[in-house]
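Right, one structure below, let's go through it.
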Amino acid sequence: MRNRKGFTLVELAIVLVIIGILLGAIWKGSDLLANAKKNKAIGVIESLVTNVYQNYSLSGLCKYTGNPEFTFKYKGIDFNLFYKADGNNCYVVICESDGTNTCGNLTTAGEEIASNLEANKFGETTNAINGVVVGATAVNNPDVTNHTVNSLTLAGTNDSPLWVGGGTTYKGIIVKIHELDINF
């Protein structure tokens, strides 16, 4: 009998294939987890937008009924959802929480949510100043108990179309319910 002092080429190849399969599964699993978190965030927003939209379409009043979830976490950041009635205008407001009753500056996580809403839900190009989904440069007195805000300053033509990093500091993502003509 011969003295064996190592692994054969076939044994090494099998081990490398197994390691490759395990690494692929881990990478795919992390992608699935990230997509699940993004879909949950969009789902929470959709439930509130749908609820406010249906009530607005039926009654002309900007309100919500039922008990939709008003907070969610995405990429480790807490987000709050509010609604705002302003005459005949009706808005859903999405803010990054800064730990107080104010809206913090949007980060890249907020940018991703805005871009997903624009592109995947409303068929818009990613742009913070035009369309159904726009940015707010000020969100005043958000009330986390009643889920409302006192007043908004919507992005205008002098503001940057970029959500983050364009020179304009956005405080919220706004969905203009009164301009919707679709259900999702």
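Before moving on, here are some points about what is shown:
Rundown of residues vs (1) modelled with pLDDT of 85 or more; (2) under 14 Å from Lys176 (Cα atoms), yes/no style:
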residue: Thr108; (1), (2): yes, no
residue: Glu111; (1), (2): yes, no
residue: Ala114; (1), (2): yes, yes
residue: Thr125; (1), (2): no, no
residue: Ile129; (1), (2): yes, yes
residue: Val133; (1), (2): yes, yes
residue: Ala138; (1), (2): yes, no
residue: Asn146; (1), (2): no, no
residue: Thr153; (1), (2): yes, yes
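- Thr126 vs. criteria outside any helix (DSSP H, G or I), of a type in the set (S, T, N, Q) and touching an Asp or Glu at 6+ places or on another chain (Cβ under 6 Å): yes
- Among the residues of segment 70-95, those that are closer than 13 Å to Val144 by Cβ and either touching a helix residue (DSSP H, G or I) at 6+ places or on another chain (Cβ under 6 Å) or among the charged types (D, E, K, R) (or both) comprise Asp78, Leu81, Tyr83.
- Inspection of segment 98-106 finds a residue satisfying the criterion of being modelled with pLDDT under 80 and either of a type outside the set (S, T, N, Q) or over 25 Å from the mean Cα position of the chain (by Cα) (or both).
- Residue in segment 161-172 that is among the aromatic types (Phe, Trp, Tyr), over 28 Å from Ser59 (Cβ atoms) and under 19 Å from the mean Cα position of the chain (by Cα) present: yes
- Each residue in segment 29-73 was checked for being part of a helix (DSSP H, G or I), under 23 Å from Asp98 (Cα atoms) and acidic (Asp, Glu), and 1 of them qualify.
- Single residue of segment 2-45 satisfying the filter (at pLDDT below 80 and touching a helix residue (DSSP H, G or I) at 6+ places or on another chain (Cβ under 8 Å)) that is surrounded by the most Cβ atoms within 10 Å (Cβ to Cβ): Ala41
- Residues (surrounded by fewer than 14 Cβ atoms within 10 Å (Cβ to Cβ) and either within 15 Å of Val175 (Cα to Cα) or touching a residue at least 40 places away in the same chain (Cβ under 8 Å) (or both)) located in segment 64-101: Asp86, Asn88, Asn101
The values are calculated or read from the model by the stated rules, or taken from the named source; none is laboratory data. If you're wondering where the values come from, they're calculated on a predicted model, not measured in any experiment. Please note: Cβ atoms are built from the backbone with ideal geometry, for glycine as well, and neighbour counts cover all protein chains shown.
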